[in-house]
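Okay, structure first, notes after.
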Amino acid sequence: MKTLMITRDSLLHAEIAAQGAARMPAVQLTASRNGLRDALERQLADAPELVVLDASDLSAEEAELLERLSKHYPGASYLLLTREPQQDLLIRAMRAGMREVLQLPLSHRAFHEAMDRIEVAAGLTHMRSGKVLAFISCKGGSGATFLSTNFGYALAALADKKVLLIDLHGQFGDATLYVSDQKPTMTLSDICAQIGRMDGAFLDSCLVHVASNFGVLAAADDPNQVGGMKPEHMDTILRIARQHYDFVVLDVGRQIDAVSLRALDQADTIYPVLQLALPDIRDGRRLLDIFRSLGYPPERTRLIVNRYEKGGKLRLTDLEQALGADVVHTVPNDYLSATDSVNQGIPVLQLSRSSVVARSLSELVELVTARRVAESKGLFDRIFGRNEGV
Ligand SMILES: Nc1ncnc2c1ncn2[C@@H]1O[C@H](COP(=O)(O)OP(=O)(O)OP(=O)(O)O)[C@@H](O)[C@H]1O
Ligand SMILES: [Mg+2]
């Protein structure tokens, strides 16, 4: 965004320049003026898209000039910075159509949040309201990492959604390796350590990009850093992630800790992954009991049976009865395709598109996205529509 910066404060100028340059699209300070009067006297031939105005030491006389400035650049968005909240100034600014006001010293997070709103209002980006889908293994090795990573990829590739996968394994997270050969340069714990910088651009810069619309945030790899991660960090990460992605897929791992619990609290749907075997059913029951005691509504939890083979002694209905929950999807056992994909770090949909496991993942994409369409329909459709969703 071409930006006019009006301030006498060179430090503030440098701070806005640095924060703005890190954004996508970048806030480029294409012109600077010393004060409001200076800005009016030396008008720009090329009108700015954004005016950042430091109104800290604006005199009452100068405040009257606000309206003139907004008339000069009627197409621009305005961001006002003030050291003290001055009622009078705020009212004048609002009359001049300037909505965004931030208090100094500058909070970087507040700056980026205001910029997000400005970009949305200017039609440069649109805020998404992404859904959070959590995959959790009922028993080690059930396939939650394989399914979450490959489902994330399929959602991006087939449904053209912007997808983020977050690996929440406390230690030894390996989600990136399932779909990529790139080594992550940043991890979840690095983001937590710099949570003040968190915004859409920062989050994006920390990902392993598997496709242009599918990124993976790697798990914390240093056990010493894991201790620095706080549940409230998860709140911030998911809030920003929802704004910038259509779907946020979580690979929760087996260990529920304070951080992953906070993520589960916010999940729109939780998919416990299990195989049709007694040990899995036992562990699945314990997991669902925990969810019940946490007060999660039953419809939020939807079982996925992995490595399913028809004709076994145990039937799906036995499992549903034992767990008191419905199986929403089954993924067939496909040892060769799954192993090839995991060993090469290439999504199964890319490697063996016509395999049964790839087809099953496509069906899951259809189920999940059909539900989104159903949710966005009107009340009439919701009452009379037939789509039950996932
Ligand atoms: N549908 C499937 N058919 C055949 N093999 C599968 C299938 N799904 C997963 N696997 C295999 O199972 C193995 C374990 O899967 P995965 O690592 O995803 O389990 P997990 O639940 O994440 O385990 P952990 O508890 O260790 O995190 C993988 O190596 C994968 O190849
Ligand atoms: Mg795993």
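The values are calculated or read from the model by the stated rules, or taken from the named source; none is laboratory data. This is a predicted model, so every value here is computed, not measured. Neighbour counts are summed over all protein chains in view; Cβ atoms, including those assigned to glycine, are modelled from backbone coordinates with ideal geometry. Surface accessibility is based on the protein's heavy atoms, side chains included, excluding ligands, DNA and RNA. Shrake-Rupley method; radii C 1.70, N 1.55, O 1.52, S 1.80 Å.
With respect to (1) in contact with a Gly (Cβ under 6 Å, 6 or more places away or on another chain); (2) surrounded by fewer than 20 Cβ atoms within 10 Å (Cβ to Cβ), the lone exception for residue 27 is condition (2). Identify, please: which residue in segment 205-220 is under 17 Å from residue 179 (Cβ atoms) and outside any strand (DSSP E or B) and is, among those, most open to solvent (accessible area, probe 1.4 Å)? The extreme case among them is 212.
Scanning segment 257-280 for residues that are surrounded by fewer than 19 Cβ atoms within 10 Å (Cβ to Cβ) and farther than 16 Å from residue 133 by Cα gives 257, 258, 277, 278, 279. Within the set 90, 80, 58, the sole residue that is out of contact with any Phe, Trp or Tyr (no Cβ under 8 Å at 6 or more places or on another chain), more than 15 Å from residue 118 (Cα to Cα), of a type in the set (A, V, I, L, M) and not in a helix (DSSP H, G or I) turns out to be 58. The set of residues in segment 331-365 that are away from ligand 1 (no atom under 13 Å from the Cβ), open to solvent by 40 Å² or more (accessible area, probe 1.4 Å) and in contact (Cβ under 8 Å) with a residue 60 or more places away in the chain contains only 350.
Among 237, 191, which is in contact with a Cys (Cβ under 7 Å, 6 or more places away or on another chain), assigned to a helix (DSSP H, G or I) and either aliphatic (A, V, I, L, M) or not assigned by TED's automatic domain parsing to the domain that holds residue 264 (or both)? The unique qualifying residue is 191. Being among the acidic types (Asp, Glu) and away from ligand 2 (no atom under 16 Å from the Cβ) holds for only one residue in 280, 257, 340, 251, and it is 340. As a summary of the residue check, residue 328 satisfies the conditions (1) in contact (Cβ under 8 Å) with a residue 60 or more places away in the chain; (2) over 23 Å from residue 145 (Cβ atoms) except for the one numbered (2).
A Cβ distance below 8 Å, combined with a sequence gap of six or more or placement on separate chains, defines the contacts here; from segment 142-167, residues that are under 16 Å from residue 242 (Cβ atoms) and open to solvent by 10 Å² or more (accessible area, probe 1.4 Å) reach no residue that is within 9 Å of ligand 2 (Cβ to nearest atom) and of a type in the set (Lys, Arg).
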